[in-house]
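One structure below.
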Amino acid sequence: MAARISPADVAHVARLARLELAPEEVELYASQLAQVLDYAAEVAALDTEGVAPTAHPLPVRNVLRPDVPVPGLSREEALSQAPEVEEGQFRVPRILGEEP
Amino acid sequence: MTLPTALDLAQAVRTGERSAVEVVEEHLARVEEAEPEVHAFNLVAGEEARAAAAQVDARVARGEDPGPLAGVPLALKDNLCTRGLPTTCSSRILAGWVPPYDATAVSRAVRSGAVVIGKTNLDEFAMGSSTENSAFGPTRNPLDPIRVPGGSSGGSAAAVAAGFAPLALGSDTGGSIRQPAALCGVVGLKPTYGVVSRYGLVAFASSLDQVGPLARTVGDAVALLEAIAGHDPADSTSLDRPAPALSGCLAQGVEGLRIGVIQELAGVEGIAPEVGARLHEAADALAGAGAKVDEVSVPATMWGLPAYYLLAPAEASSNLARYDGVRYGLRLARPDITSMYEATRSAGFGPEVKRRIMLGTFALSAGYYDAYYGQAQRVRTLIIESFAAAYERFDALLSPTAPTTAFPLGSRTADPLAMYLSDVCTVASSLAGHPALSVPFGTGEGGLPVGIQVMAPALGEPVMVRVGAALEDLAP
């Protein structure tokens, strides 16, 4: 199947991925993503009826450790590289509400 | 340039024949001379290396054994966390970030006596095959500076090839240790998934990422792998088993081993004729050394690349969601949080990283999930089954590591798919979680090195390094 990716699709995906693309980037990615997806069509067309998906190469199960507290990063260390901190917490711009 | 092996250097330091400080100074002098042209490093940690080497010497003076890698300079790919040393992943989005902890592979190598001399350049977040996707400019191949060193561990491969360090650590998601090792004429080893802890390796595609060694000899690579391998409670995907003992396998030869040459990767379109010729010479040489060599069809290897370029970007799009300008790294000021996320991520990520996030987000998005991501996961199962059938008849498999020798800078940057094809031989064993090793074997176009890839089933490192060591001895 030939993949057709419209600029509107690209803009939608960019929104989902929290990326802000310039108009020329939208054009470029539309053609490049279509090219890669065309190449991927080779596997998209394979008959995989009844084949179980592999999410992980190892037969690993949930790995649990004893529920005993162990020391981690101190609050000071955890906050030390944040762009903005206030009262011992990460500070972010406004999440809810109207434009100021 | 004939340089001592890492193991020879360690031996000399442990016996007091040479001082670790002198060994480090010698390597730093080579860095100073050639680094301006090569640009293998994002950071050269000269002062820290001198201090660490002095501690190694002090331990020797006290009659202690600093470990099997005593005083050996070690270059670290800059996606491995180092406490107190900036770790950038060659991305603007991590500008200024200094990790508060060491990756397990790093702390184990240091505990074995290795001396960290710097952090090496990579394709941003390990996404690329040429080290040209670095926010800090490309690394050049020390053997021919108009050419790329491969990638994404191009800085680590170049550092070893240029004699900046006898040992380096890289990471391999779809070939990022093996392909640059091949293009720079050094040895690169991707362990079985889970043999080395991923704790402190900045995540790209978590079901594929593995840390592994680059070195000038198979013996040195094995020594570094033995130092870093083994279970780590901090990585729930690390295998709960002791590190494999491999040094003893190196001299065992290949007598009686069944080795299959993968037809699909020997004759694939785009494999340079000289690379194909070296593969057949390598197979003949192994047969001459007593191995039972035959051709084998592993049809699903041909689906590796398209499956990989759906699965790895999908995992990346999820992993890279953490770069949001809140807890560390870059933040662009905006009045509300969504526009802050978008502005920060758009300014912080380079074009290839954005392309992969877009591709992965698309493959996971409603309406396309099953056709792309789900299908690629089912094809991953077919690849594992295809390998399993081949390993019923063979102990190890052989292919080229890369389809061509090192290519000129800029020659593939405009065409992402052409760049992705650099990984055609390496991705299948990554998807299967199997170990694979690249060993230099002769030269191809332009007198540049060709790498031969030795693959083995999960935890088949012992047989893989036997074949690798034999190839190293047999190489022209």
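Distance between the C-alpha centres of region B:418-470 and region B:297-318: 17 Å, rounded to the whole angstrom.
What angle do you read, to the nearest 10 degrees and between 0 and 90, between the alpha-carbon axis of helix A:7-16 and the longest principal axis of chain A? Between helix and principal axis, roughly 30 degrees. Note on B:Q55 and B:S247: their simple-model spin labels are 2.3 nm apart, each label 7 Å out from Cα toward Cβ. For chain A, the Cα-based Rg and Dmax, in that order, read 22.6, 57 Å. Taking other residues whose beta carbon is less than 12 angstrom from the beta carbon of B:P4, and scoring Lys, Arg as +1 and Asp, Glu as -1, yields -2. Note on A:V70 and B:A389: with the Förster distance fixed at 51 Å, the Cβ-Cβ geometry gives a FRET efficiency of about 0.70.
Rounded to the nearest whole Hz, the Karplus-based 3J(HN,Hα) values (6.51 cos²θ - 1.76 cosθ + 1.60, θ = phi - 60°) of region B:256-266 follow the sequence x, 5, 9, 10, x, 9, 6, 4, 4, 9, 7, with x at glycine and proline.
Counting 0.36 nm for each residue step from B:R334 to B:S318 and taking away their Cα separation leaves a gain of 3.4 nm. Would you work out if region B:347-443 is rounded, prolate or oblate? Take a ≥ b ≥ c from the square roots of the eigenvalues of the alpha-carbon gyration tensor; rounded if a/c is under 1.5, else prolate when a/b is larger than b/c, oblate otherwise. Cα axes put region B:347-443 in the oblate bin. Under 5 Å between amide hydrogens, built in the peptide plane, is the criterion, and for B:V261 it picks out B:D294, B:E295, B:V296, B:L398 among residues at least 5 positions away or on other chains.
Once the Cβ-Cβ distance between A:F90 and B:K292 is put in as r, and R0 is 51 Å, what FRET efficiency do you end up with, to the nearest 0.05? FRET efficiency, A:F90 to B:K292: 0.25. For the pair A:A11 and B:T2, how long in nm is the line joining their label points, each one 7 Å along Cα→Cβ? Going from the A:A11 label point to the B:T2 one covers 6.7 nm.
Using equal-weight Cα scatterers in the Debye expression, the normalised intensity of the protein assembly as shown in log10 at q = 0.07, 0.08, 0.10 Å⁻¹ is -0.39, -0.51, -0.81.
Legend: P(r) of region B:161-242 from all alpha carbon pair distances, 5 Å bins from 0, whole percents, reading 3, 17, 26, 25, 17, 9, 3, 0. What would the Debye equation give as log₁₀ I(q)/I(0) for region B:77-135 at q = 0.19, 0.20 Å⁻¹, counting only Cα atoms as equal point scatterers? The Cα Debye sum returns log10 ratios of -0.67, -0.73.
Taking the Cα atoms of region B:221-312, the ratio Rg/Rh between the radius of gyration and the Kirkwood radius comes to 1.07. This model, with +1 at the C-beta of Lys and Arg and -1 at the C-beta of Asp and Glu, gives the protein assembly as shown a dipole about its Cα centre of some 800 debye.
Across all directions, the average projected area of the convex hull around the alpha carbons of region B:6-232 is 10.6 nm². In region B:276-355, the alpha-carbon atoms span a convex hull of 163 Å³ per residue. The per residue volume of the convex hull around the alpha-carbon atoms of chain B is 134 Å³. Under 5 Å between amide hydrogens, which residues at least 5 positions from B:T120 or on another chain qualify, with H placed 1.01 Å from N in the peptide plane? Close amide H contacts, sequence-distant or interchain: B:N42, B:L76, B:K77, B:D78.
Counting beta carbons within 10 Å around each of B:I337, B:I146, B:I117 and listing the fewest first gives the order B:I146, B:I337, B:I117.
Take the Cβ atoms of A:R4 and B:D370, set R0 to 22 Å, and the FRET efficiency comes out at 0.75. Amide hydrogen proximity for B:N133: with H placed 1.01 Å from N in the peptide plane, the residues at 5 or more positions away or on another chain lying under 5 Å are B:E124.
We did not get these values from a lab; they are worked out from the coordinates using the rules stated. This one's a predicted model, so the numbers in the text were calculated from it and none came from an experiment. Quick reminder, even Gly has a Cβ in these numbers, built from the backbone with ideal geometry, and neighbours come from all protein chains shown.
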